[in-house]
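Peer 1: One structure, pasted below without further comment.
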């Protein structure tokens with residue numbers, strides 16, 4: 001069933017290749033299939049084109065963490081934190097701050 005969802009999302013991406021939601025959805029499916037590298041590549045591409053897609057920062061950070069890339073995770077959490085502050089998204093700001101805190105980043109608490 002996972003492959004069916006991914007196949008459907010990939011078909012939709014052919015029609016609308018810059019759709020941030022579809023890229024994010026495909027990344028989630030890759031993650032479920034244990035393909036973290038593919039998920040990371042998709043979310044990195046998504047954020048390179050749509051810096052306002054807030055949920056992608058947290059997910060990308062967690063994927064980096066799962067791959068042992070703590071420095072990259074901290075960097076992406078910090079980037080997402082800046083975006084969330086500008087958009088006054090307190091929920092995302094809190095999630096990203098907590099993720100930083102759990103990694104021992106000194107700038108974790110922002111509010």
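Each value in this text was obtained by applying a stated rule to the coordinates, not by laboratory testing. Quick caveat, the model's predicted, so the values are computed rather than measured. Using ideal geometry, Cβ is built from the backbone for each residue, glycine included, and neighbour counts are taken over all protein chains shown.
Peer 1: Helix 90-102 versus the longest principal axis of the chain: what angle, 0 to 90°, nearest 10, using Cα atoms?
Peer 2: Once rounded, the angle reads 70 degrees.
Peer 1: At a 10 angstrom cut-off on C-beta neighbours, averaged per residue, how do the peptides 54-63, 89-98, 35-44 rank from highest to lowest? Show your work: numbers first, answer last.
Peer 2: On the way: 54-63: 21.4, 89-98: 17.1, 35-44: 18.7.
In decreasing order of mean packing, 54-63, 89-98, 35-44 become 54-63, 35-44, 89-98.
Peer 1: Follow-up question, since we're still on this one. So how far apart, in nm, are the two label points at residue 102 and residue 45 if each is 7 Å from Cα heading toward Cβ?
Peer 2: Rounded to a tenth, the inter-label distance reads 2.8 nm.
Peer 1: How much length is gained if the chain between residue 79 and residue 11 is pulled fully straight, taking 0.36 nm per residue apart and subtracting their Cα-Cα distance, in nm to one decimal?
Peer 2: Separation in residues times 0.36 nm, less the Cα-Cα distance, equals 21.4 nm.
Peer 1: Could you tell me what % of all Cα pairs in the range 21-80 have separations over 15 Å?
Peer 2: Tail of the P(r) past 15 Å holds 38 percent of the pairs.
Peer 1: Please report the equivalent ellipsoid semi-axes of the chain, computed as sqrt(5 x eigenvalue) of the Cα gyration tensor, largest first, in whole Å.
Peer 2: Over the Cα atoms of the chain, the semi-axes work out to 26, 16, 10 Å.
Peer 1: If I model a spin label as a point 7 Å beyond the Cα along the Cα-Cβ vector, how far apart are those points for residue 86 and residue 69 in nm?
Peer 2: Computed distance between label sites residue 86 and residue 69 equals 2.2 nm.
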